[in-house]
1. Taking the residues in region 128-148 that are closer than 16 Å to residue 170 by Cβ and surrounded by fewer than 19 Cβ atoms within 10 Å (Cβ to Cβ) as candidates, determine which candidate is modelled with the lowest pLDDT.
2. Which strands (runs of 3 or more DSSP E) sit wholly inside region 55-152 and have at least 1 residues that are closer than 30 Å to residue 268 by Cα, touching a strand residue (DSSP E or B) at 6+ places or on another chain (Cβ under 8 Å) and of a type in the set (Phe, Trp, Tyr)?
3. Restricting to region 246-255, name every residue that is within 17 Å of residue 298 (Cβ to Cβ) and surrounded by fewer than 14 Cβ atoms within 10 Å (Cβ to Cβ).
4. Quick one: is residue 203 free of Cβ contacts under 8 Å to residues at least 12 places away in the same chain and of a type in the set (A, V, I, L, M)?
5. Are there any pairs, at least 6 apart or on different chains, whose C-beta atoms fall under 6 Å, with the first in region 65-79 and more than 8 Å from residue 93 (Cβ to Cβ) and the second assigned to a helix (DSSP H, G or I), and if so, which?
6. Can you tell me which residues in region 211-236 are over 16 Å from residue 188 (Cα atoms) and among the β-branched types (Val, Ile, Thr)?
7. Residues being of a type in the set (A, V, I, L, M), farther than 17 Å from residue 234 by Cβ and in contact with a Gly (Cβ under 7 Å, 6 or more places away or on another chain): count how many of those fall in region 132-174.
8. Give the number of residues within region 98-111 that are within 18 Å of the chain's Cα centre (by Cα) and not basic (Lys, Arg).
Amino acid sequence: MGGIAVAGNMIVDKIKIVRAFPGRHELTHILSTSDSFGGAACNTGMDLARLDETLDVKIVGVIGDDADGDSVLNFFRQQPNIDISRIRRRGKNAFTDVITEAESRARTFLTFPGSGDEFDLDDVDADHLNCEIFHIGYILLMRTLDSPDPVYGTKMAHLLKRIKDKGILTSVDVVSETGNRYQALVPPSLKYTDFFIVNEIEAGKTVGLELRDEKGAINAENVKEALKRLKDMGVSRWAMIHTPEGGWGLDENGVFHESESISLPEGYIQGTVGAGDAFCAGALYAAYKGKGMQEAIRWGNVVAACSLSMPGGTEGVVNMEEALKRFGAK
C-alpha cells in the first residue's frame with residue numbers, strides 16, 4: 001500500500017486555559033499556557049502516524065521560513081514514519097491562539113493564517129505523491145486555494161481534480177467559522193471528493209440546514225438530509241458527520257450508518273482541540289484498511305476519545321490496536 005498523504009494547514013497552537021471568557025473591555029486570568037501544533041496536516045497527519053507506525057504518512061504544504069516553521073518540522077520528526085520531504089517553506093508560519101474556558105472546556109480561536117495562505121496548486125507534485133489517499137484541510141482557511149478558478153470554481157477543486165486524475169482517492173475537511181462562505185467555497189470541491197468528513201456545523205452550513213434543534217439537540221432527520229445533499233453535490237464514496245454525540249454517514253451504496261460516541265468517565269476530558277481531526281484520522285485509517293463505513297465511524301469515535309484525554313491536538317492518540325482495546329471496541 002502507498003500510504004496516505006495529508007496536506008494543508010500547519011499551525012502552531014498557543015493554548016491558553018482561562019478562568020472564564022471575558023466580556024468586551026473586561027479582563028480574565030490565564031491559568032496555564034502551552035504550545036501545541038494544529039491544522040489538518042499536523043493533527044490528522046500525526047494522528048495517522050501514531051495509529052500505525054508502519055503506515056507511510058506524507059505531509060504536503062507550506063510552512064514558514066522562521067522559528068515556528070522549524071518547530072513544525074521538529075514536531076513531525078517525532079514519528080519516523082512521517083515523510084516531510086514534500087513540505088515547502090516561505091513567509092511566516094501560521095499560528096492560532098486557542099482560548100479554552102477552564103470549567104466548560106468551551107473554546108475560541110484567534111488565528112493568523114501566515115504561510116497557509118501561500119499554499120497553491122504548484123506546491124503539490126501530483127506526479128510523485130505515491131499514496132492511496134490524499135487528505136487536505138481546511139477549506140475556508142487557505143486563501144489561495146479558496147480563490148476562484150475559471151474552470152473548476154475554486155483552486156482547491158482544481159487541485160483535487162488533478163489528484164483524482166492520478167488514480168488517488170481524495171478526502172477533504174473544512175474549518176468551522178462564522179459567516180456564509182461555505183456554500184460558495186465548499187461545493188466545487190465535492191465534485192472531486194471521495195471522503196468528506198466534517199462536523200455538524202460545517203455540514204449544515206454547506207448544505208443550508210440547521211442540524212441542531214432550538215434546544216441544541218441533534219436533529220436526526222436533518223442530519224440524514226444533509227448527508228444526502230452532500231452526496232448529491234458530488235461526494236462519491238463517504239459523506240460523514242461527527243459530533244460530540246457520535247457519528248453519522250452515507251456510504252457509496254447510499255446506506256445510512258450511525259454510531260454513538262464513546263461514554264467517558266467524569267473528568268476524563270482534558271481538552272477538545274483536535275478531536276475532530278482525530279475522528280477523521282480514525283475514519284480514514286479504517287478506509288485505508290478496507291473497512292466499511294460502520295467500522296470507520298466506530299474507529300473515528302475511538303480515536304477522538306483518545307484525543308480528548310490530553311489538552312493538545314494529538315498527544316492522546318495511541319496505536320489503533322491499543323485504542324480499540326482501551327475502549328472495548330471490536
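1. Checking each candidate, the answer is 130.
2. Result: 94-101, 107-112, 133-139.
3. 255
4. No, not satisfied.
5. Cβ pairs passing all conditions: 79/49.
6. Hits for region 211-236 are 218, 223.
7. Here the count works out to 2.
8. Qualifying residue count, region 98-111: 5.
The values are calculated or read from the model by the stated rules, or taken from the named source; none is laboratory data. Given the structure is predicted, the values throughout are model-derived calculations rather than measurements. We place every Cβ from the backbone using ideal geometry, glycine too, and count neighbours over all the protein chains shown.
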